[in-house]
Amino acid sequence: MSTLDYLGGARSRRLPEIITFLGRPKSTVLRLLETLVRSGFARRVGPGEYSVTVKLWRLGCQAINETDLKALILPAIRKMSMETEESGLYAVYEDGYSVFVEKIDSPQPVAASVTIGSRAPAYATATGKSMLAYQSTEEIERVLRAAQVCSPRTVIDYANLQIQLALVRERRLAFSSGEWREDIAGAAAPVFNRFGDVIGAIGISCPRSRMDQRMESLGRIVHTTAQELSASLGAPVSS
């Protein structure tokens with residue numbers, strides 16, 4: 001699984017890189033890679049070079065399809081993007097990261113966008129904070145204590161981050177301002193299922209200058225959209 005995770009972190013990986021990462025003998029690494037190739041999770045893209053296959057993407061899509069969630073996400077972020085004229089996003093939480101699984105690009109000529117399938121540290125993004133705030137105490141502490149600088153504006157102070165997450169739980173709304181990418185800002189809110197569990201986050205991403213000018217109005221639209229999506233999944237709507 002470590003091999004698979006490492007392969008998925010780049011377009012492709014060469015054998016020496018994989019051996020160094022795993023710290024295993026070449027013969028062992030080759031056996032692991034051959035197992036992944038035979039099972040359809042990896043493929044050879046050149047001599048001694050490997051990449052993951054779309055089989056992983058199919059499994060990932062299946063993981064977010066519960067209760068027709070996928071059919072509800074795109075209309076929600078499309079509506080939000082139209083109202084804000086900014087890029088709309090839907091993300092899920094994975095091991096301390098916000099993973100972007102759906103998006104609608106902004107119609108504006110200068111816009112912020114992400115690649116579907118890419119991920120960003122949860123403590124440095126609005127979508128990530130929206131989900132991290134509802135993880136277990138142990139998981140929150142693990143992620144915050146391992147926080148690293150992504151840009152000059154990244155907040156890595158443990159006490160400060162805990163305060164931010166407490167505010168997210170209180171308002172069900174999170175903001176980021178250049179913490180992951182210096183010129184990019186975001187607003188996001190958690191999405192709940194019928195059991196009251198946070199299953200993802202919906203949000204917008206835009207140039208920081210535009211967020212500074214419209215933070216309150218953008219936050220209100222994002223919060224309302226998340227409430228509506230959660231309600232469609234059977235979750236009680238909270239103010």
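Return a whole-number percent for the relative contact order of the chain, with Cα pairs under 8 Å and 6 or more residues apart as the contact set. Could you put the intermediate results ahead of the total?
Working: 430 pairs, mean separation 36.7, N = 239.
About 15 percent, as a whole number.
With runs of 4+ DSSP H residues as the only contributors, calculate the mean residue ellipticity of the chain at 222 nm using -39,500 (n - 2.57) per run, divided by the residue total and rounded to the nearest 500. Can you show the working numbers first?
On the way: 9 runs with 108 residues, N = 239.
After summing the helix terms and dividing by residue count, I get -14000 deg cm²/dmol.
What FRET efficiency comes out for the pair GLU34/LEU74, r = Cβ-Cβ distance, R0 = 41 Å, nearest 0.05? Can you show the working numbers first?
Working: r = 38 Å, r/R0 = 0.93.
The value I calculate is 0.60.
Find the accessible area per residue for the chain; the probe is 1.4 Å, ligands and nucleic acids are left out, and the unit is Å². Display every interim value, and only then the final one.
Values: 12300 Å² over 239 residues.
Accessible area per residue, the chain: 51 Å².
Based on a Kirkwood Rh over C-alpha pairs, give the Stokes-Einstein translational diffusion coefficient of region 144-239 at 4 °C and viscosity 1.567 mPa s in µm²/s.
92 µm²/s
From the gyration tensor of the Cα coordinates in region 91-216, what semi-axes in whole Å does the equivalent ellipsoid have, largest first, with each one equal to sqrt(5λ)? Walk me through the numbers before you get to the answer.
Details: eigenvalues 90, 57, 36 Å².
After diagonalising the Cα gyration tensor, the semi-axes are 21, 17, 13 Å.
Rounded to whole Å and ordered largest first, report the semi-axes of the equivalent ellipsoid of the chain derived from its Cα gyration tensor (root of 5λ). Kindly include the intermediate steps, with their values, before the conclusion.
Details: eigenvalues 218, 81, 64 Å².
So the equivalent ellipsoid measures 33, 20, 18 Å along its semi-axes.
Amide H of VAL45: which non-local residues (sequence gap of 5 or more, or other chain) have their own amide H closer than 5 Å, using H built in the peptide plane?
Answer set, sorted by chain and number: TYR50, SER51.
Roll a 1.4 Å probe over the protein heavy atoms and report the accessible area of LYS70 in Å², nearest 10.
Number for this one is 60 Å².
In terms of the ratio Rg/(2.2 N^0.38 Å) built on C-alpha atoms, what value belongs to region 157-213? Provide the component values of the computation, followed by the final result.
Details: Rg = 12.7 Å, N = 57, 2.2 N^0.38 = 10.2 Å.
Here the Cα radius of gyration is 1.24 times the empirical estimate.
Do the alpha carbons of any pairs in LYS55/LYS103; LYS26/LYS70; LYS26/LYS55 sit beyond 30 Å of each other, and which pairs? Display every interim value, and only then the final one.
Working: LYS55/LYS103 21 Å; LYS26/LYS70 41 Å; LYS26/LYS55 25 Å.
Table pairs above 30 Å Cα-Cα are LYS26/LYS70.
Any idea how far apart GLU94 and ALA146 come out in nm if each label point goes 7 Å out from Cα toward Cβ?
1.5 nm
Probe radius 1.4 Å, ligands and nucleic acids left out: which of CYS206, CYS150 has the largest accessible area, and how do the rest follow? The partial results should precede the final answer.
Details: CYS206 0, CYS150 50 Å².
Heavy-atom accessible area, descending, gives CYS150, CYS206.
The values are calculated or read from the model by the stated rules, or taken from the named source; none is laboratory data. In this text the structure is predicted, and so the values were computed from the model without any measurement. Quick reminder, even Gly has a Cβ in these numbers, built from the backbone with ideal geometry, and neighbours come from all protein chains shown. Accessible surface is based on the protein model in full, side chains and every heavy atom, while ligands, DNA and RNA are left aside. Shrake-Rupley method; radii C 1.70, N 1.55, O 1.52, S 1.80 Å.
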